[in-house]
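Undergrad: Can you keep this structure in mind? I'll have questions shortly.
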Amino acid sequence: MNLNDARKVILPAESASRTPRLYMMPKQLFPRTPILDGENAAEKREEIRGYFHATLDRYEQLFETLQGDGAYFKKPISLRHPLIFYLGHTSTFFTNKLVLAGLMKERINPRMESMFAVGVDEMSWDDLNTIHYDWPSVEEVRTYRNTVRRVVDKLITDTPLTLPIGWDSPWWTIMMGIEHERIHLETSSVLIRQHALEYVRPHPAWEPYGKSGQAPQNELIVVAEGAVHLGKKKTDQTYGWDNEYGTHIAGVAALQAGKYLVSNQEFLAFVQANGYGTEHFWEEEGRAWRQHVDAEHPTFWVRQNSDWRLRLMTKEIPMPWDWPAEVNYHEAKAFCNWKAAATGQPYRLPTEDEWYRLYDTAGLSEVPHAEPAAANIHLDHGASSHPVNEFPQGEFYDVAGNVWQWTETPIYPFESFDIHPHYDDFTTPTFDGRHNLLKGGSWISCGNESLKSARYAFRRHFFQHAGFRYVVADAPAVQHGSHYETDKLLSEYAEFHYGDTYFGVPNFPTALAELAIAAMEGKPAHKALDLGCASGRATFELARHFDEVTGVDFSARFIGQGVQLAGQGVLRYTLADEGDLVFYRERTLAGMDLDAVRHKVAFSQGDACNLKPLLSGYDLILAANLIDRLYDPAKLLRAIHMRLNPGGLLLIASPYTWLEEHTKREAWIGGFKRDGESFGTFDGLQEILGSHFKLVKGPHEVPFVIRETRRKFQHSLSEVTIWERID
């Protein structure tokens, strides 16, 4: 080894009382995320082993910046656990996931594996967790980490390896643990940066960059319109998190984008213009955050008399005005609103799609494996930001690297999104419209985080090594639906209409639509009404045959599912498993071969017993499982002929489940004794409809199954009758 190419590295102390020891190691790049394919399984096994140990070494080295054991037990901010939690969390993650995957048969320390399992991120700035934990000592946690290290190393030695490593391979879970540790290398560094200076100390492996100069004048660069193709395939050769997979293709309109990230100097103008004190620059959520924390300037800025200093991870330095401003989304958004007001131009943050256009325009590619990145990323260029004009990328600077960049896009699932069974809540809790995507990576973003495909999202008040670039665009920021329906009844109906079949029973709305279409042979098929459409599956199915179909339901919540499918082509919902456990489901019109008919459907809210006059002139009316849920079914049936064209058909399906909670006893049209004899609902239908209709088919029974949980189902029979208007 050439000692001129060596540097000192402090190994993690094995106990709190032992002085860290030094050894010399050659300069080398922090290992990149492995390619999960190749010709030589033995070499790949050793590459992953090296990746594993290098990751744990670097993570443990991060905690050497803490000043004494007491620093582990003080919260850097009130919303997060003390750092002892994060030292233990990443190792217990390995254990918990490897047990789940069946690679480990026994736990190592159940107490720690419970204590350190959850509670990583706050969901709101006032989510103060006051639970008291009896934390283990630093030495106990280090001992636990060493045990986990040995166990995983042995698994790497013993677990059979077949290439490529795919989503279902046991090696995927090993990679999951390593990449998870790399995420926390970054997030824990932010917490250390938020710690009081008295609890941290400089460290030779975590020295910040030392150069600063005059900040450049930002300018706008034109970006031509173009298309972006997002989403990884399961066959991709690098590890990915669930939200990265699937398909998203979009056109991006022409825009202008800042040549540089917004520098501290450029952001200073906003501070000096009383940007923090001007209400209308802030969105509602941002205004509430600013008032809650009484913010007057960026969190990492430190005012010292008339000067400014910048808090880094382990020290304060004179303000480097040419470094990127590091702020949360609310501050970045307020800056853009201020800029728009001052210039009269539509300044805003870029969307995720627009960031990809910048990436493509800049001609970027992935971080190389054998040489330093042409960006301040992957710890290749020190342990801090650099000036915003140091890393050119095409006409821009820092499209990738230096600091993460806030976008306008709340994270959402791509089409065909799927959840890995060993980490089912990595992303799904963030599909709430309140977690915005960061793109580009920072100086400490390593492994999966450094890839173009990386998708990380945080609450908008969250602090990361993150700044922003602005764009000027006439096109509004496109938002994508991310919400998963969690209401039990709505989710059950979503599954009933669009989900799997159970016990061999065909999809009920589809079966009824097929019966109706078959009965329409030789008849006009211009307009159909799906009355009591609920979630709307039959509405779409009827549109295969009719020119236009209207779905009407009393519940706007049910109709919302059909509206979402018609508008976005996708519906997402949770499905009860057992207790609090759920599955996540995504259904698309394309997947049901219904995408071509969505332009023919419309949904509206309405009372079946008091329909609007315009709902008439139909060739078919379908009333599925409706009449025994109406407050006055006879009123509907006596007037329904006026909604149909002569010769039009009425299909009624019902299990005849009369309940007084829906229909008062005196309004039932059957299901009781009359003149001492049984009088069924079919008798009532004949009596009421007989003057305007003739029965052309039925009655016959059609089964349906409603899933409540994995092991509880309702299996029912609906009686179907088809009537033709004769006058």
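Undergrad: All other residues with a Cβ under 10 Å from the Cβ of LYS339 taken together, and with Lys, Arg as +1 and Asp, Glu as -1, what is their net charge?
TA: Result for the neighbourhood of LYS339: 0.
Undergrad: Find the relative contact order for the chain and round it to a whole percent, using C-alpha pairs within less than 8 Å whose residues are 6+ positions apart.
TA: 10 percent
Undergrad: Run lengths n ≥ 4 of DSSP H only: what is the helix-derived mean residue ellipticity at 222 nm for the chain, with -39500 (n - 2.57) per run over all residues, to the nearest 500?
TA: Estimated from H runs of four or more residues: -8500 deg cm²/dmol.
Undergrad: Just tell me which lysines come within less than 19 Å, Cα to Cα, of LYS439; anything on the same chain fewer than 8 places away is out.
TA: Result set, ordered by chain and number: LYS232, LYS259, LYS333, LYS452.
Undergrad: So, in Å, what gap is there between the alpha-carbon centers of the range 482-510 and the range 148-190?
TA: That distance is 36 Å.
Undergrad: Using the alpha-carbon centroid of each, what span in Å lies between the range 338-392 and the range 27-50?
TA: Centre-to-centre (Cα) distance: 28 Å.
Undergrad: Further question: Only Lys, Arg, Asp and Glu count, each charged at its Cβ (+1, +1, -1, -1), so figure out the dipole size of the range 356-453 about its Cα centre, rounded to 20 debye.
TA: The calculated dipole for the range 356-453 is roughly 160 debye.
Undergrad: Another one. Please identify every one of the chymotrypsin sites (Phe, Trp or Tyr not before Pro) in the range 298-378 that sits in a loop by DSSP and has no more than 16 other beta carbons within 10 Å of its own beta carbon.
TA: For chymotrypsin sites (Phe, Trp or Tyr not before Pro) across the range 298-378 that sit outside H, G, I, E and B with at most 16 neighbouring Cβ atoms in 10 Å, the list is empty.
Undergrad: Here is a further query. Run the quick spin-label model on TYR631 and LYS211: label points 7 Å from Cα toward the beta carbon, then report their separation in nm to one decimal.
TA: It works out to 7.6 nm between the two label points.
Undergrad: While we're looking at this one, here's another question. If you restrict to DSSP beta bridges whose two residues both lie in the chain, what percentage is antiparallel, to the nearest 5?
TA: 75 percent
Undergrad: Once fully extended, how much extra length lies between ALA374 and HIS229, figured as 0.36 nm per residue of separation less the alpha-carbon to alpha-carbon distance?
TA: Using 0.36 nm per residue and subtracting the Cα-Cα distance, I get 49.8 nm.
Undergrad: Test of understanding: ordering CYS336, CYS609 by Cβ neighbours within 10 Å, fewest first, what list do you get?
TA: CYS609, CYS336
Undergrad: What does the charge add up to near SER604, with Lys and Arg as +1, Asp and Glu as -1, over the other residues with Cβ less than 9 Å from its Cβ?
TA: 0
Undergrad: Helix 352-361 against the longest principal axis of the chain: what's the angle in degrees, Cα atoms only, rounded to the nearest 10?
TA: Between the helix axis and the principal axis of the chain, the angle is about 50 degrees.
Undergrad: Same structure again: Calculate the length of the line joining the C-alpha centroid of the range 572-611 to that of the range 638-670, in whole Å.
TA: Centre-to-centre distance over Cα atoms comes out at 24 Å.
Undergrad: Cβ neighbours within 10 Å, averaged per peptide: list 554-562, 165-173, 100-108 in order, most packed at the top.
TA: 554-562, 165-173, 100-108
Undergrad: As an exercise, identify the trypsin sites (Lys or Arg not before Pro) in the range 601-678 lying in DSSP coil whose Cβ has no more than 15 other Cβ atoms within 10 Å.
TA: Answer by residue number: LYS664.
Undergrad: So how tilted is helix 508-519 from the main axis of the chain? Cα-based, degrees 0 to 90, rounded to 10.
TA: Roughly 40 degrees, rounded to the nearest 10.
Undergrad: Same structure again: Compute the signed sum of charges (Lys and Arg +1, Asp and Glu -1) over the other residues within less than 14 Å, Cβ to Cβ, of PRO368.
TA: Net charge in that neighbourhood comes out at -1.
Undergrad: Further, regarding this structure: So how tilted is helix 170-194 from the main axis of the chain? Cα-based, degrees 0 to 90, rounded to 10.
TA: Taking the Cα atoms of the chain, the angle to 170-194 is about 60 degrees.
Every read-out reported here was derived from the displayed coordinates using simple, explicitly stated rules and does not represent laboratory data. Keep in mind it's a predicted model, so treat the numbers as computed, not measured. Heads up, the Cβs are rebuilt from the backbone with ideal geometry, glycines too, and the neighbour counts pull from every protein chain shown.
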